[in-house]
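The values are calculated or read from the model by the stated rules, or taken from the named source; none is laboratory data. On a predicted model such as this, the values are computed, not experimentally measured, just so you know. Counting neighbours? That spans all protein chains shown, and the Cβs are built from the backbone with ideal geometry, glycine included. The area values use the complete protein model at the heavy-atom level, side chains included, leaving out ligands, DNA and RNA. Shrake-Rupley method; radii C 1.70, N 1.55, O 1.52, S 1.80 Å.
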Amino acid sequence: MCGIVGYLGERDAYPILIKGLSRLEYRGYDSAGVALINGNGNLVIYKSKGKVADLDNLVKGKDLSGSTGIAHTRWATHGEPNDVNAHPHFSESGNLALIHNGIIENYKSLRTELSSHGYHFHSSTDTEAIVQLIEYIMDSHHITLEEAVPLALGNLVGAYALVIVNKKDPDSLIAARKGSPLLIGVGENEFFVGSDATPIVEYTDKVVYLDDEQIAYMRKGKEMVITDINKVKKTPVVKKLNMSLSQIEKGGFPHFMLKEIFEQPSALETSMTGRLYEKESGVKLTGIIDNKERILAARRFIICACGTSWHAGLIGKYILEELTRKPVEVEYSSEFRYRKPVLFPDDVVIAISQSGETADTLAAIQLAKESGCFLFGICNVVGSSIPRTTDTGIYTHVGPEIGVASTKAFTAQVATLIQLAIAIAELDGREPELRREIISELVKIPSKIAKILEQDQMIADYSKTFTYARNFIYLGRGYNYPVALEGALKLKEISYIHAEGYPAAEMKHGPIALIDEEMPVVVIAPRRGNYEKIVSNIQEVKARKGKVIAIVTEGDTEVKSMSDFYIEIPDTIDCLTPLLTVIPLQLFSYHIAIAKGRDVDQPRNLAKSVTVE
Ligand code: F6R
């Protein structure tokens, strides 16, 4: 969602800010803006609907000097995407400018009150209320900006990550967070602020992650001071950033999504390194070993996640149940948090999130925490909110995922859940044979994925024939039912073609009515699991003239002979098939979207990290 960049130091701020905004484009946005305190001491603000490139064009020929500035990409929540609603917003006097991620729930009452004191609002945003409130508190209490910020923040209901510049104090920046991520890069006599690490990694690997309700006061040539909103000082904890510049660049691929699809063999290998021991036939997860009693005593596992991570969670349910014989529930975080779930202190709640910042999943964790459940996080972004809120967990460690449509994060989540299930089963000696078999197959998965990727050109050529389609159905059974959901989600989010995923046997209970010669049906039919059953489902589709695109195991003849098109995957055991069957579906969606001229890395209306509910 929205992105934040800030700079304070000796260099020209603008090039750092605009580059930072381009690095944040992957998060999804609809307008962009920048505020600088220029060489003449003026606070200048430029904002534009559209892309970061539009903003860069707008400022051509303008005075962009100055070494203090803030910049923002906005994903509209309050008020349509336009130049006025874009951030930064400025205060009544024009002395303060502010950028903000998150939602201020009491903005209407704040605006009404501030209007009654003579403050004028230009935009429809909640953000403008924050900057006006800060100035109002400064003026009415005759206090400095530093003193006014904690008071103002104490009056806000909702979530924020924000950065403020003050024309009257050009050598300082103030940043604060509650509920939305914010980190500060610490360089030599300079500071970089980011809503994630991508705008910072080029300049420094020393970062401070702000905690909720913390405020960072940065001043040129001085140490950063951090306080909470009660003005109690906190010691900044400087951490080393675990990210490299090459990880956030395209590396010769036309899109991040394609790069990330092709990264899966190496990403999965990295993700399993140091955890999976083929010789010893075991999985070592510190989070499980250190909490052995708590995990063994679990009454049940409850998985909370959204979107693609929820699909990984469904596969996790199947494998956890198969290996541990404990009950597993999979919940959409957004539903779980707003009903009254029955929770017990001996439940283990597993939160799955690539970004570690998804607002609904964070709220689900909070709810489970209040019931005393043990909290386990599976996340990709190191240092993000979910790993910091859960009792323990595992990082998937596949490096930054920049493409909005999740690919390598999904396969890593699935591989991690499989390892988690093995580690838990290992604790009480369950299923030793099956565990051994899974481990010896799991280590072969990266090379098998590489083999599927060799069919990329063939998939690209075939995909073009489907640009006409307005609908797709995806069918799978058992471990591949969640893959059907994931395949359909991938297609709709980047190609904008409507697609539905179903458990294949459910087709008869309704969706079969949709099938005719115009309807492409993707069937995931590896030669494992319920193969014979899915063969019957394909026959039902063919009998109604549907077009069948099948994912089959190498050497298959039966399904191939019934299909209009097929993509082969190497054989593996049933529970690992999702790690292979999803790969052709990712490529298929990518190539259809490209053939339709879509912006695959930044599909319309979508955000990479959904930090608002
Ligand atoms: C789809 C996709 C989303 C995310 C969902 C949860 O390709 O990426 O459905 O999976 O928004 O995000 P995280 O995993 O960051 O919690």
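Assign unit charges at the C-beta atoms only (+1 for Lys and Arg, -1 for Asp and Glu), then state the dipole size of the chain relative to its Cα centre in Debye, rounded to the nearest 20.
On the way: 67 positive and 78 negative charges, 36 e Å.
Approximately 180 debye in magnitude.
If one takes the longest principal axis of the Cα atoms in the chain, at what angle in degrees, from 0 to 90 and to the nearest 10, does the Cα axis of helix 127-141 lie?
Helix 127-141 and the main axis of the chain meet at about 30 degrees.
Under a plain spin-label model, where a point goes 7 Å from the Cα along Cα-to-Cβ, how far apart in nm are Ser281 and Gln455?
Each label point lies 7 Å from its Cα, and together they span 3.2 nm.
Once the dipole of the stretch 58-168 is set up with Lys and Arg at +1 and Asp and Glu at -1 on Cβ about the Cα centre, which of Ala86, Ala152, His120 lies farthest towards its positive end?
Farthest towards the positive pole: Ala86.
With a 10 Å radius around each residue's Cβ, average the other Cβ atoms per peptide and rank 93-103, 26-36, 527-537, highest first.
Details: 93-103: 23.3, 26-36: 26.5, 527-537: 17.0.
In decreasing order of mean packing, 93-103, 26-36, 527-537 become 26-36, 93-103, 527-537.
Mind checking the stretch 38-124 for GluC sites (Glu not before Pro) that DSSP puts in a loop (not H, G, I, E or B) and that have at most 13 other Cβ atoms within 10 Å? Before the final figure, lay out the partial values.
Details: sites: Glu92, Glu105, Glu113; in loops: Glu92, Glu105.
Of the GluC sites (Glu not before Pro), the ones in loops of the stretch 38-124 whose Cβ has at most 13 other Cβ atoms within 10 Å are Glu105.
How high is the FRET efficiency from Asp428 to Glu269, r the C-beta distance, R0 25 Å, rounded to 0.05? Mind showing how you got there, number by number?
Numbers: r = 29 Å, r/R0 = 1.15.
For Asp428 and Glu269, the calculated efficiency is 0.30.
Tell me, what is the percent relative contact order of the chain, built from C-alpha pairs under 8 Å that lie six or more residues apart?
On the way: 1379 pairs, mean separation 71.9, N = 613.
Averaging sequence separation for qualifying contacts and normalising by length gives 12 percent for the chain.
Could you tell me how many degrees, from 0 to 90 and to the nearest 10, lie between the Cα long axis of helix 577-595 and the main elongation axis, the longest principal axis, of the Cα atoms of the chain?
Between helix and principal axis, roughly 60 degrees.
Counting other Cβ atoms within 10 Å of each Cβ, which trypsin sites (Lys or Arg not before Pro) in the stretch 451-523 have at most 11 and sit in a DSSP loop? Display every interim value, and only then the final one.
Values: sites: Lys451, Lys464, Arg470, Arg477, Lys490, Lys492, Lys508; in loops: Arg470, Arg477.
Answer in residue order: Arg470.
Let me know the shape class of the stretch 245-335, please: from the alpha-carbon gyration tensor, a ≥ b ≥ c as square roots of the eigenvalues, rounded when a/c is under 1.5, otherwise prolate if a/b is greater than b/c, or oblate. It would help to have the intermediate numbers written out before the result.
Working: a/c = 2.63, a/b = 1.49, b/c = 1.77.
Oblate is the answer for the stretch 245-335, as a/c is 1.5 or above yet b/c matches or exceeds a/b.
What is the sum of charges around His117, taking Lys and Arg as +1, Asp and Glu as -1, for the other residues whose C-beta is under 15 Å from the C-beta of His117?
Working: positive: Arg111; negative: Glu92, Glu113, Glu128, Glu135, Asp139.
Local charge sum for His117: -4.
Of all the accessible heavy-atom surface of the stretch 252-443, with the other protein chains kept in place and a 1.4 Å probe, what percent is carbon and sulfur? Don't skip to the end; give the middle numbers.
Values: 3500 of 6830 Å².
Looking at the stretch 252-443 in its full context, I get 51 percent from C and S.
Can you tell me which aspartates and glutamates have their Cα less than 16 Å from the Cα of Lys240? Leave out same-chain residues fewer than eight positions away.
Reachable aspartates and glutamates: Glu188, Asp196, Glu202, Asp205.
Would you tally the net charge around Pro150, using a Cβ to Cβ cut-off of less than 11 Å, leaving Pro150 out, and scoring K and R as +1, D and E as -1? Walk me through the intermediate numbers first.
Working: positive: Lys231; negative: Glu146, Glu147, Glu213, Asp228.
Counting the neighbours of Pro150, the net charge comes to -3.
Summarise the accessible area of the stretch 2-247 (1.4 Å probe, protein heavy atoms) by the percent that is carbon and sulfur.
Working: 4670 of 9520 Å².
Ligands and nucleic acids excluded, carbon and sulfur reach 49 percent.
Return, for the Cα atoms of the chain, the radius of gyration and Dmax in Å, separated by a comma.
Every Cα atom of the chain included, Rg and Dmax give 25.6, 81 Å.
Hand me the GluC sites (Glu not before Pro) from the stretch 458-517 located in a DSSP loop with no more than 14 other Cβ atoms within 10 Å, in residue order please. Write out the running numbers ahead of the final one.
Details: sites: Glu486, Glu493, Glu500, Glu506, Glu517; in loops: Glu517.
Here the GluC sites (Glu not before Pro) that fit, given the DSSP loop and packing criteria, are Glu517.
How about Lys239: which lysines have a C-alpha closer than 16 Å to its C-alpha, ignoring those fewer than 8 places off in the same chain?
Answer for Lys239, where 16 Å is the Cα cut-off: Lys206, listed by chain and number.
Show me the ranking of peptides 554-561, 392-399, 539-546 by mean Cβ neighbours inside 10 Å, starting with the highest.
Numbers: 554-561: 13.6, 392-399: 22.2, 539-546: 15.8.
The packing order, highest mean first, is 392-399, 539-546, 554-561.
Using a Förster radius of 45 Å, what is the FRET efficiency between Glu518 and Asn230 based on their Cβ-Cβ separation? Nearest 0.05, please. Provide the component values of the computation, followed by the final result.
Details: r = 63 Å, r/R0 = 1.41.
Efficiency computed from Cβ-Cβ geometry: 0.10.
If packing is taken as the mean number of other Cβ atoms within 10 Å per residue, what is the order of 228-238, 55-65, 251-261, highest first? Mind dumping the intermediate values first?
On the way: 228-238: 12.4, 55-65: 14.5, 251-261: 18.8.
Those peptides, ordered most packed to least, come out 251-261, 55-65, 228-238.
Net charge near Glu190: determine it from the other residues with C-beta under 9 Å of the C-beta of Glu190, scoring Lys and Arg +1 and Asp and Glu -1. Can you show the working numbers first?
Details: positive: Arg11, Lys220; negative: Glu10, Glu188.
The answer is 0.
Just the number, please: carbon plus sulfur as a percent of the accessible area of the stretch 539-611, 1.4 Å probe, no ligands or DNA/RNA counted. Please list the in-between numbers first.
Values: 1070 of 2450 Å².
Exposed carbon and sulfur together represent 44 percent of the surface.
How many Å² of accessible area per residue for the chain, probe 1.4 Å? Intermediate results must be reported in sequence, preceding the final value.
Working: 22990 Å² over 613 residues.
Accessible area per residue: 38 Å².
With everything on Cα atoms, drop me the angle between helix 13-24 and the longest principal axis of the chain, reported from 0 to 90° to the nearest 10.
It is inclined by approximately 20 degrees.
Tell me the label-point distance for the pair Ser93, Arg294, using the 7 Å Cα-to-Cβ offset, in nm and rounded to one decimal.
4.9
In whole angstrom, how far apart do the alpha carbon centroids of the stretch 135-150 and the stretch 1-69 sit?
Here the two parts' Cα centres lie 26 Å apart.
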